[in-house]
Each structure stands twice: as C-alpha cells, then as structure tokens.
1. HN-Hα J couplings of segment 95-103 from phi, Karplus 6.51/-1.76/1.60, θ = phi - 60°, integer Hz, Gly and Pro as x?
2. For A35, what charge total do you get from the other residues with a beta carbon under 15 Å from its beta carbon, if Lys and Arg give +1 and Asp and Glu give -1?
3. Can you compute the charge dipole magnitude of the chain about its Cα centre, using +1 on each Lys and Arg Cβ and -1 on each Asp and Glu Cβ, nothing else charged? Give it in debye, rounded to the nearest 20.
4. Label points 7 Å out from Cα along the Cβ direction at A6 and R32: separation in nm?
5. Roughly what would the spin-label model give for V60 and D75, points 7 Å off Cα along C-beta, in nm?
6. Estimate the FRET efficiency between L23 and R68 by the formula 1/(1 + (r/R0)^6), using the beta-carbon distance for r and 41 Å for R0, to the nearest 0.05.
Amino acid sequence: MKRGHALVELMIGVALIGIIASLAGGAGRAARLDAAVPLQRERAGLLLEYQAECAATGVVPDPDTVKRLSEHLRDTHMTESVAATTVTFHVQWTAPRGQTLSRSLTVFRRGPR
C-alpha cells in the first residue's frame with residue numbers, strides 16, 4: 001500500500017500552481033492598467049472644467065492647480081481654440097498601455113453686457 005505522495009508528484013503540483021499564478025498575475029496587471037483609464041478620463045474632465053471656469057470668470061489658471069490636476073496624466077498636452085461664440089479646450093495624454101487619449105470641452109463665450 002502506498003502512503004503519501006512522491007517528491008516528483010509534489011514538484012509537478014507546485015510547478016502547475018506556479019504556472020497558473022503567473023498567468024493570473026499578467027491578467028491582473030492588465031486589469032489594473034485598464035482600470036486606470038476611466039480615472040484618467042475623469043481627471044482630464046476636471047482639468048478641462050477648471051480651465052473653462054477660469055476662462056469664463058477671466059481668472060488666470062493657477063499653475064499649481066493645473067499641475068495637480070494633470071500629474072496623473074502622462075505626457076499631457078493642453079490646447080485652446082477660440083471661435084466667435086465658443087471656446088474649445090482640448091487635453092491629450094498617454095494612457096498606461098501607451099495609447100493616446102483625449103477629451104474636449106466646448107463652452108459658450110460670454111458676450112458683452
């Protein structure tokens with residue numbers, strides 16, 4: 001009668017567990033990277049809203065506030081397009097997986113009172 005497991009059987013079991021864990025670890029990293037994108041989109045939206053509020057009130061944007069809002073957006077590039085009745089703010093950044101993402105916000109310009 002056989003009692004217990006042979007060393008080879010145990011080593012095969014440990015190797016299989018290691019292979020499965022390594023596969024799951026890669027999927028977990030990908031999930032974490034993908035989860036960061038909605039947070040970055042929200043941060044970009046806050047940055048756009050701040051810029052629009054400053055433009056609407058005639059206040060110069062505070063560089064420290066802009067820096068804090070864009071610190072989690074890698075390679076941030078901000079542009080502003082002024083038309084006769086609107087201002088469009090556009091922010092572009094690099095996502096964790098390397099793709100370029102962007103958001104825009106168009107607001108109406110306040111006319112003379």
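No value in this document is a laboratory result; all are computed from the given coordinates. This is a predicted model, so every value here is computed, not measured. In this analysis, Cβ positions are derived from the backbone assuming ideal geometry, glycine residues included, and neighbour counts consider all displayed protein chains.
1. Karplus values, whole Hz, x for Gly and Pro: 6, x, 8, x, 6, 8, 10, 8, 9.
2. Neighbourhood net charge equals +3.
3. Computed about the Cα centre, the dipole is about 300 debye.
4. Inter-label distance under the simple model: 4.0 nm.
5. Modelled inter-label distance: 3.1 nm.
6. On the way: r = 38 Å, r/R0 = 0.92.
Working from the Cβ atoms, E equals 0.60.
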